[in-house]
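This report refers to the structure that appears directly beneath it.
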Amino acid sequence: MLYSVLRIFIQAFWGEPPAGVTRRPYAVNGLLIPAGILFVFIIVMGVGAEGMFQLTSRAGDILLHPNIYIDAVLKE
């Protein structure tokens, strides 16, 4: 079975395309906007990592100690 799967994989990704099938060029222009958004998000996360750490740290404290949440919501 492993041999069959490997042959299918090799033919699908590294084999020559069947006769009559033409390959389309990649649409690079359509990928620039999502790549740009991802790039900006990565830069923002790198610069603002300390603020994000504080936020996630507080969320982790609330998850580990639910009494903080209970006291904040159900003030007696």
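The values are calculated or read from the model by the stated rules, or taken from the named source; none is laboratory data. Please read these numbers as outputs of a predicted model, since none were measured by experiment. Neighbour counts are summed over all protein chains in view; Cβ atoms, including those assigned to glycine, are modelled from backbone coordinates with ideal geometry. What goes into the accessible areas is simple: the full protein's heavy atoms, side chains included, and nothing from ligands, DNA or RNA. Shrake-Rupley method; radii C 1.70, N 1.55, O 1.52, S 1.80 Å.
Descriptive notes on the structure:
- Only one of the numbered conditions (1) at pLDDT below 85; (2) surrounded by 10 or more Cβ atoms within 10 Å (Cβ to Cβ) is not met by residue 61, and that is (1).
- Checking each residue of the stretch 32-51 against the condition of being charged (D, E, K, R), open to solvent by less than 80 Å² (accessible area, probe 1.4 Å) and in a helix (DSSP H, G or I) gives no match.
- Condition check for residue 7: of a type in the set (Lys, Arg), open to solvent by 100 Å² or more (accessible area, probe 1.4 Å), over 30 Å from residue 72 (Cβ atoms) and part of a loop (DSSP other than H, G, I, E, B): no
- Here 6, 32 are screened, and the one residue that is under 19 Å from the mean Cα position of the chain (by Cα) and of a type outside the set (Phe, Trp, Tyr) is 32.
- Single residue of the stretch 10-31 satisfying the filter (open to solvent by less than 100 Å² (accessible area, probe 1.4 Å) and not in a loop (DSSP other than H, G, I, E, B)) that is modelled with the lowest pLDDT: 28
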